[in-house]
1. Here are several values of semi-axes √(5λ) of the Cα gyration tensor in Å: (i) 38, 21, 14; (ii) 23, 16, 13; (iii) 27, 18, 11. Which one was derived from the coordinates shown?
2. Modelled label-to-label distance, residue 12 and residue 111, 7 Å Cα→beta-carbon offset: nm?
3. Could you bin all the Cα-Cα distances of the stretch 55-124 into 10 Å bins starting at 0 and give me the percent of pairs in each, rounded to whole numbers?
4. Set the Förster radius R0 to 41 Å, insert the Cβ-Cβ distance between residue 62 and residue 4 as r into 1/(1 + (r/R0)^6), and round the FRET efficiency to 0.05.
5. Roughly speaking, what is the stretch gain from residue 118 to residue 71, that is 0.36 nm per residue apart minus the C-alpha to C-alpha distance, in nm to one decimal?
6. Got a sec? How would 21, 11, 105 order by Cβ neighbour count within 10 Å, fewest to most?
7. Can you give the helix-only mean residue ellipticity at 222 nm for the chain, where every DSSP H stretch with n ≥ 4 adds -39500 (n - 2.57) and the sum goes over all residues, rounded to the nearest 500 deg cm²/dmol?
8. Using the number of other C-beta atoms within 10 angstrom as an exposure proxy, rank 56, 91 with the fewest first.
């Protein structure tokens, strides 16, 4: 009698994803982050335009350590989502659809989004 094969435990940390899938997953994650951040944008705008006290409160919140982390994450999410979206649109029309070009554009998207986040973290 043959033994039934049991399911194999897959460790996601051991799976090596291609760079294109990392860029695609980053596109999805950044979209979710932007959708979650969207309801707070009108609140922040309204609060900062309500008067000098509201503006000072929002400026203080943005300069706090948590505010800086949120700003860096939102900057990364905007850059990642925009650049990966353009990459996907171009590949849909056949531009950069070859394997080498797709890998290069995925690397470019990831590096450019990281540079934008780095600039948001360290520029005043």
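Each reported figure results from applying straightforward, stated rules to the coordinates on display, with no laboratory input. Fair warning: this is a prediction, and the values are worked out from it, not measured in the lab. Cβ coordinates were reconstructed from backbone atoms using ideal geometry, including for glycine residues, and neighbour counts include every protein chain displayed.
1. (i)
2. Taking the simple label geometry, residue 12 and residue 111 are separated by 2.7 nm.
3. Final binned percentages: 21, 37, 24, 13, 6, 0.
4. Efficiency, from the Cβ-Cβ distance: 0.10.
5. On the way: separation 47, 0.36 × 47 = 16.92 nm, distance 1.10 nm.
Computed gain between residue 118 and residue 71 is 15.8 nm.
6. Numbers: 21 10, 11 7, 105 23.
Arranged by neighbour count, lowest to highest, 21, 11, 105 become 11, 21, 105.
7. Values: 5 runs with 93 residues, N = 124.
-25500 deg cm²/dmol, from helical runs alone.
8. With the sparsest Cβ surroundings first, the list reads 56, 91.
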